[in-house]
Each structure stands twice: as C-alpha cells, then as structure tokens.
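Engineer: Would you mind keeping the following structure in view while I ask a few things?
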C-alpha cells in the first residue's frame, strides 16, 4: 500500500469529517475507534443499525468522475433503511476499497458522505480506506457504509398489528434509480450517448447519477403534523414487489395502481431500450417511487397537502391468495 497516499487522503478528509461532529463525539479523526456519547435517551431506547453499499453505480461514477454524489448515495440509502423502523441517525462509518488509492477520489467520496451526514444530523465518526491491488481490478473502487440510529421502543415501526383493509399506500417520489439495478442499466445503455437529453431535460448521465433521495424530512413533517404512520418500506432492490411484503401482516395485500403516478422519463427509456416486461421492471427498479408509507385512509389527503410530491398509489385489501403485492397496470 502507498502509505503516503493514505496519509494524504486522510489529511484531505479531515475537515469534512470534523464538520459532522456534534457534542456527542468524543474522539477525533484518527482514533482507533469512534466514540459517541448516548445522551438524552428516550424511554426504552432501541438502537437500529444497517450496512449497505451502492453497487455497480460506482462504475458509472468512475467513468464520469462524479464521486461526491456516491457519498450522498451511501448515506441516504442507509438513513432510509433505518428510517423505516422510525430510527433517527446517530453516527455513520464508511469503507472505501480500491486497487490503487487516489487521495483526490477518496477525499471526494468522503466529502460527499460528510455533506449527507450533516444534512441529517449524523456524525461521521470513523472509516477505513483500503488499497488492495490484486483483489480489485485496476481503477476499481468500492464503497460501503454502516449506520446506527435510535428510536424509543414504543415508536418502533412497522406496526403490522394496526394495519387494516382500506389503509392508504402513499408513495414518495424517487430521484431516479437510486442505487439499484445498475448492472442491468449499464448493459441497457451500452453504446448510447450519455449526454443526450431525456424528455425532462436531464441528460442520461444526470438522471442515472442523481443521488439516492433521503426521506427523513418527509417523515418528520408528517409526524410533526400529528398524522400516524403504521409502516414504511424503502423501495430498493426487488422494487415494490419484494419490499412492501416485508412490512405487511399475513392477512393483507398491498393493491398498487401503477398508473396512479407518472413514471420519470429515465424509467420509460430503460424499459423501452431494454424491452423489459413492465411487471419485471417493477421488481428490478423503483420505477419512480422510493418510499411507501402505510397510513390510515383519513390521513392520506392531509399528508398529500404537506408533501407536494407524494401520491396515493394504492390501498391495503384483504388477502385472497398468496400475493402480498398486486400490481394493477
């Protein structure tokens, strides 16, 4: 490993990392372990943890030199994963591995991570940068992140025992494919002009490298207004078909009306170029819906008034067969 390159990378990251520190952080950059004080705990505090990466989206980021947005992808994905259990982020740790360390690239990724952490009040308290020639192909970079959040036990979600037929399914718009389906995406777009505009004015690369959207502010706005959320599903790999069943009780089916929201142009193009079956596309991609909330029917309209880009995409109904999700196309 190039030790000097590693030291240069850490030096370039320090200011960004320290900018995420709160009074809970008790160790500086370079400590062997991150130290975080747990203050002002709720009754029956529950820690919620998650770890994830951004998949082969890093290949596109490398090709077009857009590293900072990958840091946002990493944090926002992890924040959303613990948000579905109603946890608020406390601290984050990152891991970056490559064949040969480029301090500028590492600093850009970590700066993006720090920016996303600051936006949600999460401290970046540790990380690892690994140079592993022979393990990773020349020029390859991989990133992963782990998050720990906190919620009081009585507020833990989902609450499937409270869900009933007639409950509304509210979809929150995605910013694009987020961090899923990029192996297929890269195959579909091979040979296509990356900077040609889509119908919405964005270029193909802008649409594909848009950062994974974070839904913390959306959920907090709903909860501040006093409207109950019974459950949330983060629509990642597996799409609506595989992620919604993870929060539903056995006696209910999510009936989703696909035409209830307008699919962003990037998904229309991917389905067209890849000649994908529409049902299969909803398993591979989020198709424009990044998070689904289960709420009482009476709360749906007020929530739509709070969130301009939310839409009712369906309802819960009594389950008649083995289908946990039924797409109405």
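Just so it is clear, none of the values below were taken in a lab; they were calculated from the coordinates. As the structure is a prediction and not an experimental result, all values here were calculated from the model. Cβ sites come from the backbone with ideal geometry, for glycine too, and all protein chains shown count toward neighbours.
Engineer: In region 160-328, how does Rg compare with the Kirkwood Rh, expressed as the Rg/Rh ratio over alpha carbon atoms?
Structural biologist: So for region 160-328, dividing Rg by the Kirkwood Rh gives 0.99.
Engineer: Which order do peptides 288-295, 136-143 fall in by mean Cβ count within 10 Å, highest first? Please report the intermediate quantities before stating the final value.
Structural biologist: Details: 288-295: 25.0, 136-143: 15.8.
In descending order of packing, they fall as 288-295, 136-143.
Engineer: In which sequence would 13, 205 go, from the one with the fewest C-beta neighbours within 10 Å to the one with the most?
Structural biologist: Fewest to most other Cβ atoms nearby, the residues stand as 205, 13.
Engineer: Moving on. Among 261, 273, rank each residue by its count of other Cβ atoms within 10 Å, from fewest to most, as a rough exposure measure.
Structural biologist: Values: 261 18, 273 14.
With the sparsest Cβ surroundings first, the list reads 273, 261.
Engineer: Rounded, prolate or oblate: which fits region 230-313, taking a ≥ b ≥ c as square roots of the Cα gyration tensor eigenvalues, rounded meaning a/c under 1.5, else prolate when a/b beats b/c? List each step's numbers first, then the result.
Structural biologist: Details: a/c = 2.41, a/b = 1.41, b/c = 1.71.
Cα axes put region 230-313 in the oblate bin.
Engineer: What FRET efficiency, computed as 1/(1 + (r/R0)^6) with R0 = 51 Å and r the Cβ-Cβ distance, is obtained for residue 273 and residue 32, rounded to the nearest 0.05?
Structural biologist: 0.55
Engineer: What does the convex hull of the Cα atoms come to per residue for region 1-146, in Å³?
Structural biologist: Taking the convex hull of the Cα positions in region 1-146, it is 106 Å³ per residue.
Engineer: Here's something else I'd like to know. Return one number: the angle in degrees, 0 to 90 and rounded to the nearest 10, between the long axis of the Cα atoms of helix 103-119 and the longest principal axis of the Cα atoms of the chain.
Structural biologist: Roughly 40 degrees between the two axes.
Engineer: Next question, about the same structure. Taking the beta-carbon count within 10 Å as an exposure proxy, list 155, 251, 234 from fewest neighbours to most.
Structural biologist: Ascending number of Cβ neighbours within 10 Å: 251, 155, 234.
Engineer: Let's test the formula: R0 of 30 Å, r as the Cβ-Cβ distance of residue 64 and residue 132. What FRET efficiency results, to the nearest 0.05?
Structural biologist: For residue 64 and residue 132, the calculated efficiency is 0.80.
Engineer: How far is helix 297-306 tilted, in degrees, relative to the longest principal axis of the Cα atoms in the chain, given as a value from 0 to 90 rounded to the nearest 10?
Structural biologist: That helix lies at roughly 50 degrees to the long axis.
Engineer: In degrees from 0 to 90, rounded to the nearest 10, what is the angle of the helix 265-274 Cα long axis to the longest principal axis of the chain?
Structural biologist: Helix 265-274 and the main axis of the chain meet at about 90 degrees.
Engineer: Something else: Could you order peptides 84-92, 217-225, 317-325 by the average number of other Cβ atoms within 10 Å of their residues, highest first?
Structural biologist: 84-92, 217-225, 317-325
Engineer: I've got another one for you. For region 143-177 and region 11-87, what is the separation of their Cα centres, given in Å?
Structural biologist: Going from one Cα centre to the other spans 19 Å.
Engineer: Can you give the extra length, in nm with one decimal, that the chain gains between residue 22 and residue 183 once fully stretched, where that is 0.36 nm per residue apart less the Cα-Cα distance?
Structural biologist: 54.2 nm
Engineer: Given the -39500 (n - 2.57) contribution per DSSP H run of 4+ residues, what per-residue ellipticity at 222 nm results for the chain, rounded to the nearest 500 deg cm²/dmol?
Structural biologist: Result for the chain: -10000 deg cm²/dmol, rounded to the nearest 500.
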